[in-house]
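Undergrad: Below: one structure in structure tokens.
Every number in this text was worked out from the coordinates using simple rules, so none of it is lab data. Just so you know, these numbers come straight off a predicted model, no measurement behind them. Cβ: placed from backbone, ideal geometry, glycine included. Neighbour counts: every protein chain shown.
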Amino acid sequence: MRKSSRRELTHLSEINVIPLVDIVLVLLIIFMITAPMLQHGMDVDLPRVTTAPLQANEEPLVITITKDGIIYINETRIDPGSLREKLKAIARRMPEKEIFLRADRSIPYGNVMVIMAEIRKAGIERVGMVTQPSEEKE
């Protein structure tokens, strides 16, 4: 009788992993479908350059110009006529604040320079450009 109880124990110790694999595959499919839907923000095609990224100590203030010419400060849409007033308020509150300008590649250079001039006229001297690293191999 002792041998039969050992044989039963060995059969009971095996774990059926097929249901676990089924659950993992279903979860993987769910995450693959929902992950692209979680991305949000403005669609901006940044120019490519071959420089090293800057290190920031605090949360940056980013002005974005989309390909449609819509202007955002961080994620807040701004009317072009009120841009200078908003930037002046930011400059008064944080005089040493650095602003990053992020413009779509298709925006004409002159339009980007107009926004940079508005930033300077508001009293903000530290302006950086946001670009994507170039894919060229050296």
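Undergrad: Given the Cα-Cα distance of residue 84 and residue 131 and 0.36 nm per residue of separation, how much length would full extension add, in nm?
TA: Answer, rounded to one decimal: 14.6 nm.
Undergrad: Sorted by mean Cβ packing within 10 Å, highest first, what order do the peptides 87-100, 59-72 take? Write out the running numbers ahead of the final one.
TA: Numbers: 87-100: 14.4, 59-72: 15.9.
Sorting 87-100, 59-72 by mean packing, highest first, produces 59-72, 87-100.
Undergrad: Work out from phi, with θ = phi - 60° and the Karplus expression 6.51 cos²θ - 1.76 cosθ + 1.60, the ³J(HN,Hα) of each residue of the stretch 59-75, listed in order in whole Hz, and give x for Gly and Pro.
TA: Per residue, the Karplus-derived 3J(HN,Hα) values read 4, x, 9, 10, 9, 10, 10, 7, 5, 8, x, 7, 10, 10, 10, 6, 10 Hz.
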